[in-house]
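First comes the structure, then the notes that go with it.
The values are calculated or read from the model by the stated rules, or taken from the named source; none is laboratory data. Everything numeric in this text was worked out from a predicted model, so none of it was measured. Virtual Cβ from ideal backbone geometry, glycine too; neighbours counted across all protein chains shown.
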Amino acid sequence: MNSRIKQGDSYSIMCEIKLNGAALDMYWVEKVEFMIGDVRKLWPGEVEYDTVNRLFYIPITQEETLAFPSDGFVEADVRIKFNGDSVMGAKKKLYVSVTDAISEEVL
């Protein structure tokens, strides 16, 4: 999920999750939590999943990106709750680069 975001942007961030090098088998998944800075999004619910391309689409609003620190980085994290009680998080730190915006007005 290493990405670049400009403050004030609004779109969906694509994220592919692999487990042991293979695309995650959603049959075993109950819930997925995505954290980008202080922004928390959940699948199912707020995040869409494309079953054909096996990609998650994490929507992010202008208000959320304007709250990110300018010209810096925010940490990103993914945690998966499997059917039952098992929870697994990303094994490496993920970062999103944030570019400063001149205008901080929501369009």
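For the stretch 15-59, the tally of residues that are in contact (Cβ under 8 Å) with a residue 40 or more places away in the chain, among the charged types (D, E, K, R) and under 16 Å from Val87 (Cα atoms) stands at 3.
Within the stretch 48-106, the set of residues being loosely packed, with under 12 Cβ neighbours inside 10 Å and under 17 Å from Ser12 (Cβ atoms) comprises Asp50, Thr51, Val52, Asn53, Glu63.
Consider the stretch 19-43 and keep the residues that are over 14 Å from Leu94 (Cβ atoms) and of a type in the set (Gly, Ala, Ser). The one that is surrounded by the fewest Cβ atoms within 10 Å (Cβ to Cβ) is Gly21.
Does any residue of the stretch 6-18 turn out to be loosely packed, with under 12 Cβ neighbours inside 10 Å and either at pLDDT 95 or above or not in a loop (DSSP other than H, G, I, E, B) (or both)? The answer is yes, given that some residue of the stretch 6-18 is loosely packed, with under 12 Cβ neighbours inside 10 Å and either at pLDDT 95 or above or not in a loop (DSSP other than H, G, I, E, B) (or both). Being assigned to a loop (DSSP other than H, G, I, E, B), over 18 Å from Ser3 (Cβ atoms) and either of a type in the set (Ser, Thr, Tyr) or out of contact with any Asp or Glu (no Cβ under 7 Å at 6 or more places or on another chain) (or both), is that true of even one residue in the stretch 61-82? No, every residue in the stretch 61-82 fails to be assigned to a loop (DSSP other than H, G, I, E, B), over 18 Å from Ser3 (Cβ atoms) and either of a type in the set (Ser, Thr, Tyr) or out of contact with any Asp or Glu (no Cβ under 7 Å at 6 or more places or on another chain) (or both).
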